[in-house]
1. Can you tell me which residue in region 167-197 is surrounded by the fewest Cβ atoms within 10 Å (Cβ to Cβ), limited to those that are assigned to a helix (DSSP H, G or I) and of a type outside the set (D, E, K, R)?
2. Can you pull out the residues in region 207-241 that are part of a loop (DSSP other than H, G, I, E, B) and either at pLDDT below 70 or of a type outside the set (S, T, N, Q) (or both)?
3. For Lys167, work out the one condition from (1) at pLDDT below 90; (2) in contact with a Leu (Cβ under 7 Å, 6 or more places away or on another chain); (3) not aromatic (Phe, Trp, Tyr) it doesn't fulfil.
4. If a residue must be open to solvent by less than 80 Å² (accessible area, probe 1.4 Å) and either small (Gly, Ala, Ser) or over 21 Å from Leu182 (Cα atoms) (or both), how many such residues does region 7-41 contain?
5. Taking region 120-132, which residues are open to solvent by 10 Å² or more (accessible area, probe 1.4 Å) and within 18 Å of the chain's Cα centre (by Cα)?
6. Out of Asn83, Asn3, report the one residue that is more than 18 Å from the chain's Cα centre (by Cα) and under 20 Å from Leu117 (Cα atoms).
7. Identify all residues within region 137-156 that are surrounded by 16 or more Cβ atoms within 10 Å (Cβ to Cβ) and closer than 17 Å to His116 by Cα; write none if there are none.
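The values are calculated or read from the model by the stated rules, or taken from the named source; none is laboratory data. Since the structure is predicted, the reported quantities are computational estimates derived from the model, not experimental observations. With ideal geometry, Cβ positions are generated from the backbone for all residues, glycine too; neighbour counts draw on all protein chains shown. With ligands, DNA and RNA removed, areas are computed over all heavy atoms of the protein, side chains included. Shrake-Rupley method; radii C 1.70, N 1.55, O 1.52, S 1.80 Å.
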Amino acid sequence: MMNNEQLNTIKKNIDNEGFHCIENYVTEGELSVLRQFVNQKLKENNNEYFFLTSENPEKTLLNNDEFFHKMENLLKKITDEFNFKLRDNEKLYKVLRVVTGKKSKKVSMDFHFDAHLLTLLIPIYIPTRLDSNNGNLIIIKNLRKLTKFLFINIFQKLLFQSTFFKKFFINTNIIKKEILNLKPGNAYIFNGFRTLHANMNIDPKDIRATILIHYYDIFKDSFLVKTNRNIRIKKELKNIK
């Protein structure tokens, strides 16, 4: 259980470094459950890339609130540390993202912001090749400020997630980037709303599997944001065999 000093350290690291890593946060038993789930879904999907969320029609481990209880408590405490008022019925938005096979390159280096204040990333499978980028996480920390105005959010996404920005800023040394070498068992927490991020490429023969746990939807009541998220989910469901 985190004390106030530890929570304050997490907040400071997110503010100053862009992220905080909790080593050995996931137990061997929890990691085993996650890997069994990934293995099952990979087999069902012919060992190809897929993306599942806790809002998918199918009930899976992602809907098991008991399994993610400690993650939810941690994110609530960090949110409170950021002085955000906790809201009733705030739900975790969980994403299982498995990168492998022929789509690996297409779905990598896809820089984006999240719609939620906090993102907790749990690596499940991470490649360890010497001749590969191994799907490690690239972050450009706290690139934008928090905003409650949806039109500003849309404009910023169009700008910072554009091919132009990637080509002339991200692919050069104009903007400082951090590379996080992900390790299964650890948990990585960052401000997904403010921090531009993407995973690096992997060898198509390898598997990069992560659980992303998002908390505190900034535009929780926005019909436009909900509609866009549902479109994304439906699009990703087409990747599942």
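1. Going through the qualifying residues, I end up with Phe168.
2. In the first step, residues of region 207-241 are kept if they are part of a loop (DSSP other than H, G, I, E, B); the result is 207, 218-222, 238-241.
Within region 207-241, Ile207, Ile218, Phe219, Lys220, Asp221, Lys238, Asn239, Ile240, Lys241 qualify.
3. (2)
4. 6
5. Residues of region 120-132 open to solvent by 10 Å² or more (accessible area, probe 1.4 Å): 125-132.
Of everything in region 120-132, those that are open to solvent by 10 Å² or more (accessible area, probe 1.4 Å) and within 18 Å of the chain's Cα centre (by Cα) turn out to be Tyr125, Ile126, Pro127.
6. Numbers: Asn3 fails: under 20 Å from Leu117 (Cα atoms).
When all the criteria are applied, what remains is Asn83.
7. Within region 137-156, Ile139, Ile140, Lys141, Asn142, Leu143, Arg144, Asn153, Gln156 qualify.
Listed here are the residues, each with its yes/no results for (1) under 18 Å from Tyr215 (Cβ atoms); (2) of a type in the set (Ser, Thr, Tyr); (3) in contact with a strand residue (DSSP E or B) (Cβ under 8 Å, 6 or more places away or on another chain).
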{"position": "Met2", "(1), (2), (3)": "yes, no, no"}
{"position": "Glu5", "(1), (2), (3)": "no, no, no"}
{"position": "Phe19", "(1), (2), (3)": "yes, no, yes"}
{"position": "Glu28", "(1), (2), (3)": "no, no, no"}
{"position": "Thr60", "(1), (2), (3)": "no, yes, yes"}
{"position": "Phe84", "(1), (2), (3)": "yes, no, yes"}
